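The values are calculated or read from the model by the stated rules, or taken from the named source; none is laboratory data. All of these numbers come straight from a predicted model, not from anything done at the bench. Every residue, glycine as well, gets a Cβ built from its backbone with ideal geometry; the counts of neighbours run over all protein chains shown.
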Amino acid sequence: MIGSITIGVLSFAPQWAGYFKNDFNKAALEKVAEKKEKTKEELIAEALEKSKEIKALYMTADVANDQGAGATGLRNNIIRIVEATEINGLVIDVKEVCGPDYDERNLKQLLEELRQKNIWTMARIVVFKDASQIDIHPEWYLKRKQIKAVGDGCWRKRHLREIATDGKKPNAILWQDNKGGYWLDPASEEARNYILEFSKKMIDFGFDELQFDYIRFPSDGDVENAIYPVRDGKMSKYLTMKEFFEFLNNNLKAYKSDIILSADLFGYAAIRAGDVGIGQRLEDIGDNFDYISFMVYPSHYYSGLYLPADPSRNLTVVELTRAGARANPGIVVMRSLQSARDFLDGRIATTTYSGFSRATSTLETVKNPVPHSRARLRPWLEDFFHEEDKVLGRPFGVDKVKMQIEGAEQVEKHGWMLWNASNIYTEGALRRE
């Protein structure tokens, strides 16, 4: 048998020594040499191009990993919807509020299947709400002086909790939110590194994008009684989060330059000037994330929606109560995203309006806009059912989903994502392909 040639390092047997003297073979060798690795800039540009119009469905960790008949049926149906409609991506839970939640073998197998089908994959990583480290690293968590009985929100998923080698539980009294959830201190260097290392593991698994949720301070519960082990209160919540945004970007982009990063933010963060009280402030996003995913669920606008008119776009004043927001899902989505886009583009200032009072004025625009961020918008839309909407004659089902999609695409065509914790989606609202 004739010995092989290794072109990459030009190693070949002596009897082949004159083979490349021929001009034709020289040209072939030169052509191989030209196939060098892509530059970092080329890889980043390619990733941004691939991710520019992702329309995705959400998949829970149980459905993604469980091999039982129920989970398998839901998983296969979601993949079928992706292949039959305009959907081209999946957001998969890998770390929820109870902690890291995946089976490595099953998850990698699923990712390989999705890769072969050219389906974009996003790892959803819940950041600071995490119950998995309370027994081994209580020093990372918010604490309180006195016990308050609120239950354990992760009792059903307690198997995700790391156990101390000696089996002992800490004496510390940990702070919990109204749902019994535990929170890491966003200022803790150790907690940040824990999130970072987990994120790197998901990159190694082969996800196309990392999507960070609960990337904030707690919003419910007696937050005034929370004791932070590291944060001293001198730095504002939003600057603490800005520091963390930069930490994630710098370290994850250094680890893999073309990994796409996105962040989930409250819907109200899109329309309100300044911090909404949890450290999420639009002006701090900068270019730390490639995509911002506002959760513009119409049913979550508990204070309604009030925005000034925008004559340049023929947009009238918006004055919607909570019920009005649910009755006008398309308007809620479109105007919220437009407000965020205008701010990120520098078209409006943070002090223009608050979004929480009656809006009778006209939008004030900046004469010489300076963009705050190049981040693209890819919102979360709701695809879950409210019996009340059906009873009261509000849009629901196909109509509600279609209205939200149309509202999102009027502002920016970088895609959107549908959320339903039951993993069941309104296929009739999706364009077939």
Can you tell me which of 421, 429 is loosely packed, with under 14 Cβ neighbours inside 10 Å and modelled with pLDDT of 95 or more? 421
Could you pull out the residue among 302, 306 that is within 30 Å of residue 426 (Cα to Cα), part of a loop (DSSP other than H, G, I, E, B) and either modelled with pLDDT of 90 or more or small (Gly, Ala, Ser) (or both)? 302
Sole miss for residue 345 among (1) surrounded by fewer than 19 Cβ atoms within 10 Å (Cβ to Cβ); (2) more than 16 Å from residue 371 (Cα to Cα) is condition (2)
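Here is a yes/no grid of residues against (1) outside the structural domain of residue 416 (by TED's automatic domain parsing); (2) hydrophobic (A, V, I, L, M, F, W, C); (3) over 21 Å from residue 141 (Cβ atoms):
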position: 227; (1), (2), (3): yes, yes, no
position: 234; (1), (2), (3): yes, no, no
position: 271; (1), (2), (3): no, yes, yes
position: 277; (1), (2), (3): no, no, no
position: 280; (1), (2), (3): no, no, no
position: 288; (1), (2), (3): no, no, yes
The listed residue being more than 25 Å from the chain's Cα centre (by Cα) and at pLDDT 95 or above, out of 183, 175: 175
State yes or no: is residue 264 modelled with pLDDT of 95 or more and over 16 Å from residue 128 (Cβ atoms)? no
Looking at the stretch 350-359, can you tell me whether even one residue there is surrounded by 14 or more Cβ atoms within 10 Å (Cβ to Cβ) and either of a type in the set (A, V, I, L, M) or free of Cβ contacts under 8 Å to residues at least 60 places away in the same chain (or both)? yes
Result of the Cβ filter at 9 Å on the stretch 270-287, keeping first residues that are at positive phi and partners that are in a helix (DSSP H, G or I) and basic (Lys, Arg), at least 6 apart or interchain, is 277/237; 279/237; 279/242; 286/242
Checking residue 272 against (1) modelled with pLDDT under 95; (2) touching a helix residue (DSSP H, G or I) at 6+ places or on another chain (Cβ under 8 Å); (3) not aromatic (Phe, Trp, Tyr), the condition it does not meet: (2)
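Considering 409, 388, which residue is charged (D, E, K, R), part of a helix (DSSP H, G or I) and exposed (fewer than 15 other Cβ atoms within 10 Å of the Cβ)? If you could, list the steps in order and put the result at the bottom.
Numbers: 409 fails: exposed (fewer than 15 other Cβ atoms within 10 Å of the Cβ).
Among 409, 388, only 388 is charged (D, E, K, R), part of a helix (DSSP H, G or I) and exposed (fewer than 15 other Cβ atoms within 10 Å of the Cβ).
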So which residues in the stretch 260-288 are within 16 Å of residue 127 (Cβ to Cβ) and out of contact with any Asp or Glu (no Cβ under 7 Å at 6 or more places or on another chain)? 263, 265, 266, 269, 278, 279, 280, 284, 285
